[in-house]
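Worksheet for the structure shown next.
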Amino acid sequence: MDSLSRRIRDIIAVELQVDGEKVTPEARLRQDLGMDSVAALNILFAAEETFGIAAIDVAELAAVSTVRDVESLLRQHVSLHPAT
């Protein structure tokens, strides 16, 4: 696991208040980890702050279903808006 994946999984674990061991690429955010709409927004805000990006649309996050999906989404945004 690279550092970006580790940081994303840490954000998810903190925001969903789950054991980091449960945050695997295949874990389903809603069914397995208990994400609701408020937690989704908290993940979005934490990711924007952590990675210095502000272009993530809430609808994009609403469309993801697994931890791997979140990682892919954030990788796209980080590559589009690298930190300076």
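Against the numbered list (1) in a helix (DSSP H, G or I); (2) within 13 Å of the chain's Cα centre (by Cα), SER79 comes up short only at (2).
Could you pull out the residue among GLU15, GLU26, GLU21, GLU49 that is among the acidic types (Asp, Glu), exposed (fewer than 15 other Cβ atoms within 10 Å of the Cβ) and in contact (Cβ under 8 Å) with a residue 24 or more places away in the chain? Before you say what the answer is, go through the steps one by one.
Numbers: GLU15 fails: exposed (fewer than 15 other Cβ atoms within 10 Å of the Cβ); GLU21 fails: in contact (Cβ under 8 Å) with a residue 24 or more places away in the chain; GLU49 fails: in contact (Cβ under 8 Å) with a residue 24 or more places away in the chain.
On inspection, the qualifying residue turns out to be GLU26.
Being touching a His at 6+ places or on another chain (Cβ under 9 Å) and among the hydrophobic types (A, V, I, L, M, F, W, C) is a description that applies to ILE53.
Determine, yes or no, whether LEU61 is modelled with pLDDT of 90 or more and of a type in the set (A, V, I, L, M). Answer is no for this residue.
Annotation note: of GLU15, GLU26, the sole residue that is modelled with pLDDT of 95 or more and either assigned to a helix (DSSP H, G or I) or touching an Asp or Glu at 6+ places or on another chain (Cβ under 7 Å) (or both) is GLU15.
The values are calculated or read from the model by the stated rules, or taken from the named source; none is laboratory data. It should be emphasised that the depicted structure is a prediction, and the values quoted were computed from it without experimental measurement. With ideal geometry, Cβ positions are generated from the backbone for all residues, glycine too; neighbour counts draw on all protein chains shown.
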